Each structure stands twice: as C-alpha cells, then as structure tokens.
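Taking it in order: structure first as structure tokens, then the write-up.
The values are calculated or read from the model by the stated rules, or taken from the named source; none is laboratory data. Given the structure is predicted, the values throughout are model-derived calculations rather than measurements. Here Cβ is always computed from backbone atoms with ideal geometry, including for glycine, and neighbour counts include all displayed protein chains.
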Amino acid sequence: MSESRVARVSEAERRTGDKPRSSNLRHQLNEDQQLELAILERFGWELKFIRRPPFQKPIAVVYDFESKRYAILREDGSLDENPKITIR
C-alpha cells in the first residue's frame, strides 16, 4: 500500500471518528443550554466542545465564526462572552 493511500485512510478514519462525538455534544447540554444554543445558532454560533475539568461541572464552549471568538454557555443558558478560560 502506498504511503499516500495510508495517509488518506488515516485521515478518513479520523474524520469518521469525530462525527458521533460532535453530534452527541448537544445531548450533553441541559434544557436551558439547548434552548439558548438554538437561538445562538441562528446568529452564527456553534457548540465547539465541552470541557470537563476534574471535580468541576462541565463547561460548554461555543464559537462565533463572524467575530472569531469563544464564549461559555452557562448552565442557566446565559452566555459568558468574556470567559476566563484558555483555548489552545
């Protein structure tokens, strides 16, 4: 098998592994967060990931493509546009 074919297979496998996880993210939000996310999505925001710090509650992180910024979707459904988190 050629090296380029191996790279393509690896890339395809990696991509298919991400889909179930990202589609499952929405289901990990509570009802308030899901309702607010539906509104935010109309304005271009997207749920990017859920950070799970040890011994703390999960943190839902959303991203606005237009302004290229991150925010936190709090448990009560409010949006923290000035989060004190580090994004790598």
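For the reader, a short list of remarks on this structure follows.
- Residue within the range 70-81 that is of a type in the set (Lys, Arg) and at pLDDT 95 or above present: yes
- Identity of the residue in the range 16-60, among the small types (Gly, Ala, Ser) and not in a strand (DSSP E or B), that ends up modelled with the lowest pLDDT: 17
- Condition met for residue 13 (of a type outside the set (Val, Ile, Thr), surrounded by fewer than 10 Cβ atoms within 10 Å (Cβ to Cβ) and either in a helix (DSSP H, G or I) or modelled with pLDDT under 95 (or both)): yes
- Residues in the range 64-88 that are within 13 Å of residue 41 (Cα to Cα) and either among the acidic types (Asp, Glu) or touching a Phe, Trp or Tyr at 6+ places or on another chain (Cβ under 6 Å) (or both): 64, 66.
- Considering the range 52-82, and only residues there that are of a type in the set (A, V, I, L, M) and either touching a helix residue (DSSP H, G or I) at 6+ places or on another chain (Cβ under 9 Å) or more than 15 Å from residue 27 (Cα to Cα) (or both), the residue that is surrounded by the fewest Cβ atoms within 10 Å (Cβ to Cβ) turns out to be 79.
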